[in-house]
Amino acid sequence: MARESWASKLGFMLAAMGSAVGLGNIWRFSYVAGENGGGAFLILYLISVLVIGIPLLLVEVSIGRKAQSDVVGSYEKLAPGKPWYLAGFFGIGASLLILGFYSVVAGWSFYYFWNYLNGFFFNEPQEGYGPAFESFTTTLTQPLIWHGLFMVVTILIVLSGVKKGIELANKIFMPLLAILLIILAGFSLSLDGAAEGMRFLFQPDWSVLSDPTVYISALGQAFFSLSLGVGAMMTYGSYLSSSHKLPGATFGIGIMDTLFAIISGVVIFPAVFAFSIEPDSGPVLVFITLPSIFNQMPFGGYVGILFFLSLSLAAISSSVSLLEVPVSYLMRAASWTRRKAAMVSGLIIFILGIGASLGMGVLAGVTPIGENNIMDSMDYIASNIFLPLGGMTMALFVGWHFTKRTALEAADLSGTGLGSVWYGLVRYIAPILIVIIFLQALGLF
C-alpha cells in the first residue's frame, strides 16, 4: 500500500499548526501565564520556544520525513535491531492517554458552545456558572454523550485520510480559528479597563523571576504547546516528501503556534481585568470565570458563541493529530485499513474517557496517583512521564545516534551556520532542559 502524503506544504503546515494549537494555547496558556505573573512569563516562554521548542520540532519532523513511517516504525527503520523503537510506544501511550481525557474536556467545550448557541447560557443559570459546571461534569451520562460526540467527529476526520480528512479539515479550521480569535481580541480590547490586562500580559513584572518555578513553567509550556514528544509531529512529518524543506516550515509552525497563544491571552486577560477577576484563577478560568464575564458584557452571549466555537475547533485540530499516532502505527504494524484502525483506536480512547469523566463524579474517590483523580492521573502519566521521555529520546537519537552530517541532512541544514547551532542545542542543551522539566514535574527538582 502506497504511503499517503500531504497535497501541499501549506497543508502540512496548517495540519501541524492544528496539532500544536489546541486547548493548550487557549486554555492552558492563559491560566499558566496568569499563575506566573504575565509579562515576564511570556518573555521566558518566547525564549523557550526558540531555544527548545522549535529545535525539537525540527528534530521530530525530520525523523518522520527521513523514515517515512509511524512513530515506532521510524525508529525501527533508522536504527534496526536497536531498542530505540521502544520510545515510539511512549508516544502511542501518551496519545491514547492524552486524548482519553482531552476529549472529555473538549466535550465540555462542545456542551458550552451548544448552550450558548441555543441561548441557554446567555443568562447566568440560577445556581451560578460554577455550580452549573460542577453539576454537569459530575453527572453520569451527559458528559459522556458530549465526549462521544467529540470522538465521532475526530474519528470521521481521521478515517477520511490524510488529504481528504486531516488536511482538508485543517485548511478550514485554522483560518477560521484565526479569524474568530482576532474578532474576540478586538472585542476584548474595546472593554473599559482592558489596558490593565494588556499591561499584565506585556509589561514584565521582573520580580517574579526570583521564583525558579516560573522558568520551569515557561519551558514546560513551550514543550507541551508544540505537541512535542507524543509522536504526532513525527507522524505528520512522515507524510512529507524530501522536496519540502523543513527549517522554514517548522519555524513558521512554532511562531504561529506562539502567536495563537498570545492572541488567546489578548482575548482573555483584558476581559479578566475589565471585570476585576484574578488572573490566576487556574483551570476553571475558561469554564467558570469567562462565562461569568461574558454574562456582564454587552453582547456577551454572542461572544460566548464565538469563544467556545474557537475552543472546539482548536480541540478538534489537536485531537485529530493525537488519534493519527496510533492509527498510523496500526495501519503499518497490523496491516489494518485506515477505517478499522481509526475506529478501534477511537473506541479505546472513548473507553479511557469514560473513566476520566466518571472520575469527576461517581468515581471521584478513585485516586490512582497520590491525590489525583482519574483524569489528573492520566494527565500526570502522559505529560510528566511519557512526553518528556519521548522528547528526550528524540533529542538523543538525532544528537547522539545520528552523525552530525546525517542529522543536518535530515533537517535540511547542511552547509549552514545555523545547522551547527541547532545541532548543539539538540545534542547538549535540549536533553538537559528536558531532564529539568522531568524532575520538576515529578517534584524532584
task = Exactly one condition in (1) buried (at least 16 other Cβ atoms within 10 Å of the Cβ); (2) out of contact with any helix residue (DSSP H, G or I) (no Cβ under 6 Å at 6 or more places or on another chain); (3) of a type in the set (D, E, K, R) is not met by residue 340; state its number.
result = (1)
Count - residues of the range 79-88 that are under 15 Å from residue 410 (Cβ atoms) and open to solvent by less than 40 Å² (accessible area, probe 1.4 Å) = 1
inquiry  = With the requirement that a residue be under 16 Å from the mean Cα position of the chain (by Cα) and under 18 Å from residue 199 (Cβ atoms), what does the range 32-68 give you?
reply    = 33, 45
task = Taking the options 168, 156, name whichever one is crowded, with 17+ Cβ neighbours inside 10 Å, out of contact with any Lys or Arg (no Cβ under 9 Å at 6 or more places or on another chain), part of a helix (DSSP H, G or I) and not basic (Lys, Arg).
result = 168
note = Checked against (1) open to solvent by 10 Å² or more (accessible area, probe 1.4 Å); (2) in a helix (DSSP H, G or I), residue 298 satisfies every condition except (2)
query = Any chance the range 306-322 includes a residue that's outside any helix (DSSP H, G or I) and touching a helix residue (DSSP H, G or I) at 6+ places or on another chain (Cβ under 7 Å)?
reply = no
request  = State all residues of the range 399-422 that are open to solvent by 30 Å² or more (accessible area, probe 1.4 Å) and either touching a Gly at 6+ places or on another chain (Cβ under 8 Å) or free of Cβ contacts under 8 Å to residues at least 60 places away in the same chain (or both); if no residue qualifies, say none.
outcome  = 400, 403, 404, 405, 406, 409, 414, 415, 416, 417, 420, 421
inquiry  = Being open to solvent by 30 Å² or more (accessible area, probe 1.4 Å) and either modelled with pLDDT under 90 or out of contact with any strand residue (DSSP E or B) (no Cβ under 8 Å at 6 or more places or on another chain) (or both) is the requirement here; does residue 250 meet it?
reply    = no
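A quick yes/no check of all residues on (1) within 21 Å of residue 347 (Cα to Cα); (2) hydrophobic (A, V, I, L, M, F, W, C):
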position	(1), (2)
97	yes, yes
102	yes, no
109	yes, no
130	no, no
138	no, no
141	yes, no
152	yes, yes
160	yes, no
164	no, no
query = For the range 188-195, does any single residue satisfy the condition of being in contact with a helix residue (DSSP H, G or I) (Cβ under 8 Å, 6 or more places away or on another chain), part of a loop (DSSP other than H, G, I, E, B) and aliphatic (A, V, I, L, M)?
reply = yes
key: Unique residue being loosely packed, with under 15 Cβ neighbours inside 10 Å and in contact (Cβ under 8 Å) with a residue 60 or more places away in the chain when the list is 130, 119   = 119
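Residues to consider are 396, 433, 425; find the one that is among the hydrophobic types (A, V, I, L, M, F, W, C), touching a Pro at 6+ places or on another chain (Cβ under 8 Å), within 30 Å of residue 372 (Cβ to Cβ) and open to solvent by 20 Å² or more (accessible area, probe 1.4 Å). It would help to see each step written out before you state the result.
Working: 433 fails: touching a Pro at 6+ places or on another chain (Cβ under 8 Å); 425 fails: within 30 Å of residue 372 (Cβ to Cβ).
Only one candidate qualifies: 396.
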Pair list, Cβ < 8 Å and 6+ apart or interchain, from the range 308-334 residues that are within 14 Å of residue 230 (Cβ to Cβ) and modelled with pLDDT of 95 or more to residues that are of a type in the set (D, E, K, R) and open to solvent by 10 Å² or more (accessible area, probe 1.4 Å) = 327/338
note = In the set 75, 112, the lone residue that is under 22 Å from residue 19 (Cβ atoms) and surrounded by 23 or more Cβ atoms within 10 Å (Cβ to Cβ) is 75
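Results for (1) closer than 23 Å to residue 50 by Cβ; (2) in a helix (DSSP H, G or I), shown as yes or no for each residue.
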position	(1), (2)
228	yes, no
236	yes, yes
242	no, no
248	yes, yes
254	yes, yes
267	no, yes
272	no, yes
message = If I filter the range 370-390 for residues that are closer than 18 Å to residue 57 by Cβ and open to solvent by 50 Å² or more (accessible area, probe 1.4 Å), do I get at least one hit?
response = yes
Within the range 268-292, considering residues that are surrounded by fewer than 24 Cβ atoms within 10 Å (Cβ to Cβ) and at pLDDT 85 or above, the one farthest from residue 122 (Cα to Cα) = 273
request  = Pick out the one residue from 54, 43 that is closer than 30 Å to residue 209 by Cβ and in contact with a Gly (Cβ under 8 Å, 6 or more places away or on another chain).
outcome  = 54
Tally, over the range 71-92, of residues that are outside any helix (DSSP H, G or I) and closer than 15 Å to residue 396 by Cα = 2
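May I ask you to say which residue of 219, 209 is within 30 Å of residue 86 (Cβ to Cβ), open to solvent by 10 Å² or more (accessible area, probe 1.4 Å) and part of a helix (DSSP H, G or I)?
On the way: 209 fails: within 30 Å of residue 86 (Cβ to Cβ).
Within the list 219, 209, the selection yields 219.
The values are calculated or read from the model by the stated rules, or taken from the named source; none is laboratory data. Computed from a predicted model, the values in this text were never measured in an experiment. Cβ atoms come from the backbone with ideal geometry, glycine included; neighbour counts cover every protein chain shown. Remember, those area values only see protein heavy atoms, side chains included, never the ligands or the DNA or RNA. Shrake-Rupley method; radii C 1.70, N 1.55, O 1.52, S 1.80 Å.
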